[in-house]
Amino acid sequence: MADATKSDLNVDDIQKALEKQIADLRKEITRINKTVSARGAELVEDAREHASDMYDTASTRATRAAQQLRSQAQAVSEVARDNPGTATAVVGVIGLLGFVAGLVVGQALSDTPRRWYER
């Protein structure tokens, strides 16, 4: 009978030790979860700040580019207003060059070769 109570004590001691270890592990997991969560929040905040900085930089550059484009368009407009014949000639030449480039590309991409002298 003494052996039975001694083994019962050992089982109880082992069970209590295991329950304590499980409780300690749960506390450790909770601590790790909090640490991971805090680190994740830091990373999200860093990413948010970086994105905000990039947006601000892009916005500033776009504003500057738009202002530059407006000033150059105004300068071109003034030159065209001062020299209407030259402006018309330049636009006509650019249109003609675009038409010729379109013909050349169309011929190059055509499946069947055609010449103006072949029918």
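Below, the figures for the structure above:
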{"quantity": "Qualifying residue in the range 2-24 (condition: in contact with a helix residue (DSSP H, G or I) (Cβ under 8 Å, 6 or more places away or on another chain), modelled with pLDDT under 90 and part of a helix (DSSP H, G or I))", "calculated": "no"}
{"quantity": "Only one of Val79, Val36, Val90 that is modelled with pLDDT of 90 or more, touching a helix residue (DSSP H, G or I) at 6+ places or on another chain (Cβ under 9 Å) and surrounded by 10 or more Cβ atoms within 10 Å (Cβ to Cβ)", "calculated": "Val90"}
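The values are calculated or read from the model by the stated rules, or taken from the named source; none is laboratory data. As the structure is a computational prediction, the values presented were derived from the model and not from experiment. Ideal geometry is used to build each Cβ from the backbone, glycine not excepted, and the neighbour counts take in all protein chains shown.
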